[in-house]
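One structure is given here, and the rest of the page talks about it.
The values are calculated or read from the model by the stated rules, or taken from the named source; none is laboratory data. What you are looking at is a predicted structure, and each value in this text was computed from that prediction instead of being measured. All Cβ positions, glycine included, derive from the backbone under ideal geometry; neighbour counts span all protein chains shown.
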Amino acid sequence: MYSCPPEGVVGWRSPSNIALIKYWGKQPQREQLPANPSLSFTLHHAYTDMWLYWTRRTHRDDPIELQLYFEGRPADDFRKRIYDFMLRLLPEMPFLGEYAITIRTRNSFPHSAGIASSASAMSALALCLVEWKYRCHGLSFDLHQHYREVSDIARRASGSACRSIVPQVALWGAHPDVEEASDSYAIPLPKTYRDFAEQWRDLILIVDKSPKSISSSQGHALMEGHPYATTRYQQAKKHLSVLLKAMKDGDIETFGRIVEAEALTLHALMMCSPTPYMLLKPQTIDVINAIQNWRRTRDLPMYFTLDAGPNVHLLYPQTYEAEIWTFIATALPSFYYHPSRYLADEVGNGPHPLEPTMPDS
Ligand code: PMV
């Protein structure tokens, strides 16, 4: 049994993450379980702030009474996505139907940057919901203790969001090399791996800001019946073994080789799916070529990865910051030097709670 305080507010800041081993394809007929394990760096500057406020219901027209404001304005599409998710959660979180809920949320990165926000937003939502649940049970919520439960809820909202709960480096999906790894939630890795991760910077070069023509959900669905699906899932497992060893050994070259292979494989899978499509732009290839040429000629540990979109994540150890900016200024078209065309990020410490006061906007 539970008994929620008659009204209250919870707030969380939760970061985005960038996958190095990519989650691409789900287990058929399961609620967002991955077809292969994935590994990501948790970011720091790209995050969502979210506050959830509950109070007495004003009407009973819908099973859930929800208002949502994104950056101060009602956001219907986003509200519908969260509403549908809450409906699915209702049997296990019945209090969702007993209060009027208001969510206010905003992102640290510009809405129109072409950067996906579902990982940060859905992990922030999961944190708010699980903390609220604990309050209703009169228990205190501790993220370190309850991260598996939060990650599990985040996963069901948006697969990769489950990794954002974990500081520095997150592993999601069962794998024989890591006994406690699970398909249901992401887990942290031991200190050696976190130390390796912490040195990395991620400079996101914004090649194209327009919304994607094919969503990630459609992309995952196209892995069903994909001619290379089985081979891909085996490859991802092998890549993960090699990457984990490289991280443990501090072998940056092997790490970079696997990271780039994963990025190109993701896009190759799109290009040869049953309905082929391409999200890369000519400028994406230009930036990738520039990174690889500069790496070769200057002998610098700089690598790229890609999300399901055309923007390039340039990864490098923090000690090479100055050389990287010389690269941006010299080897890329001059507009990439403008702050509207990049987001400078780094590996971060995961989510943290916000002051439980609802902002006005
Ligand atoms: O979590 P989703 O459904 O948005 O899928 C994420 C897919 C990739 O970003 C391409 C890879 C990943 O593991 O994050």
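Here are the numbers:
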| item | result |
| --- | --- |
| Output for the stretch 90-132, where each listed residue is of a type outside the set (S, T, Y), farther than 24 Å from S215 by Cα and not in a helix (DSSP H, G or I) | L90, P91, E92, M93, E98, A100, I101, I103, R104 |
| The stretch 16-52, residues that are within 13 Å of the ligand (Cβ to nearest atom) and modelled with pLDDT under 95 | E31, Q32 |
| Qualifying position, being out of contact with any His (no Cβ under 9 Å at 6 or more places or on another chain) and surrounded by fewer than 24 Cβ atoms within 10 Å (Cβ to Cβ), among R163, R135, R155 | R135 |
| Residue list for the stretch 190-205, filter: away from the ligand (no atom under 16 Å from the Cβ) and either assigned to a loop (DSSP other than H, G, I, E, B) or under 26 Å from I153 (Cα atoms) (or both) | P190, K191, Y193, R194, Q199 |
| Flag for D76 being acidic (D, E), away from the ligand (no atom under 16 Å from the Cβ) and within 16 Å of the chain's Cα centre (by Cα) | no |
| Residue check, Y320 touching a Phe, Trp or Tyr at 6+ places or on another chain (Cβ under 7 Å) and of a type in the set (F, W, Y) | no |
| Helices (runs of 4 or more DSSP H) completely within the stretch 220-317 that count 2 or more residues being within 13 Å of the ligand (Cβ to nearest atom) and in contact with a Gly (Cβ under 9 Å, 6 or more places away or on another chain) | 229-249, 252-271 |
| Search result, residues across the stretch 135-166 that are of a type outside the set (A, V, I, L, M) and either under 15 Å from S16 (Cβ atoms) or within 16 Å of the ligand (Cβ to nearest atom) (or both) | S151, D152, R155, R156, S158, G159, S160, C162, R163, S164 |
| Meets criteria (within 23 Å of S120 (Cβ to Cβ) and surrounded by fewer than 16 Cβ atoms within 10 Å (Cβ to Cβ)) for T357 | yes |
| Any hit, the stretch 87-98, residues being of a type in the set (D, E) and surrounded by 13 or more Cβ atoms within 10 Å (Cβ to Cβ) | yes |
| Where Q199 falls short, out of the listed (1) in contact with a helix residue (DSSP H, G or I) (Cβ under 6 Å, 6 or more places away or on another chain); (2) crowded, with 17+ Cβ neighbours inside 10 Å | (2) |
| Failed criterion for V130 (all others in (1) in contact (Cβ under 8 Å) with a residue 24 or more places away in the chain; (2) buried (at least 22 other Cβ atoms within 10 Å of the Cβ) hold) | (1) |
| Check on V259, in contact (Cβ under 8 Å) with a residue 40 or more places away in the chain, more than 21 Å from the chain's Cα centre (by Cα) and within 27 Å of T326 (Cβ to Cβ) | no |
| Any hit, the stretch 11-24, residues being surrounded by fewer than 22 Cβ atoms within 10 Å (Cβ to Cβ) and either among the acidic types (D, E) or touching a helix residue (DSSP H, G or I) at 6+ places or on another chain (Cβ under 6 Å) (or both) | no |
| Residue in the stretch 53-71 that is surrounded by 14 or more Cβ atoms within 10 Å (Cβ to Cβ) and within 16 Å of the ligand (Cβ to nearest atom) present | no |
| R341 more than 25 Å from A116 (Cβ to Cβ) and in contact with a Phe, Trp or Tyr (Cβ under 8 Å, 6 or more places away or on another chain) | no |
